[in-house]
Amino acid sequence: MGQVISRQLCRAAEKGYTLLELLLYIAIIGVLLTAVTTFFGVTADARVKNQTVAEVNDQATSIMDYMTQTIRNATSITSPAAAASGVSLTLVVPTGSLSPTVFSLSGTTLQVKEGAAAAVPLTSNDVQISSLTFMNLTRSGTSGTVQISFTINRVNPGSHNEFDYQKTFTASAEIGW
């Protein structure tokens, strides 16, 4: 009986973890930390991708709204000629100091030149415009209609997937509408 009590006392005095238990706990914590780190990495990439999509869409919508409103306020289309297309659009507008108003591409930046003023960029350095086309859809007896089409994409100098996004926008506007 004395031996049984002494064994129980010895076990009670030996508190702690075995090497196998410690390795198991470390492995479980490692797996959990890897999962949490992966989750936060994927979340950060998704946030950047969403910001990229929003930036491209916001700039394109703003540009398209500005150009279609300017066309609606114009009095005539100088170029491209009727039933032709071109890479620039020249409009005669009612305000003399803003006439002619010319939309064109300078490299990959869309710009507007109003009257004698210097050309002003309509896009930021974060996006690029390509495939800009203005098609004059004017028929005889109408005041003039222009179809605008362009592709806009996010500048991606490091070729990161989260910055890789492009979209093509097309709209039409009628003069004096």
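We did not get these values from a lab; they are worked out from the coordinates using the rules stated. What you see is a predicted model, and the numbers here were worked out from it, not measured in a lab. Here Cβ is always computed from backbone atoms with ideal geometry, including for glycine, and neighbour counts include all displayed protein chains.
Quick rundown of the values:
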read-out: Any chance GLY158 is exposed (fewer than 13 other Cβ atoms within 10 Å of the Cβ), without any contact (Cβ under 8 Å) to a residue 24 or more places away in the chain and either among the small types (Gly, Ala, Ser) or within 30 Å of VAL42 (Cα to Cα) (or both); value: yes
read-out: SER140 being over 23 Å from ASP58 (Cα atoms) and not aromatic (Phe, Trp, Tyr); value: yes
read-out: Single residue of segment 131-147 satisfying the filter (on the phi < 0 side of the Ramachandran plot and hydroxyl-bearing (Ser, Thr, Tyr)) that is nearest to the chain's Cα centre (by Cα); value: THR133
read-out: Number of positions in segment 71-113 that are surrounded by 16 or more Cβ atoms within 10 Å (Cβ to Cβ) and out of contact with any strand residue (DSSP E or B) (no Cβ under 7 Å at 6 or more places or on another chain); value: 1
read-out: Residue within segment 95-113 that is within 17 Å of the chain's Cα centre (by Cα) and hydroxyl-bearing (Ser, Thr, Tyr) present; value: yes
read-out: Number of the exception - ALA82 against (1) farther than 16 Å from GLY176 by Cα; (2) under 23 Å from the mean Cα position of the chain (by Cα); value: (2)
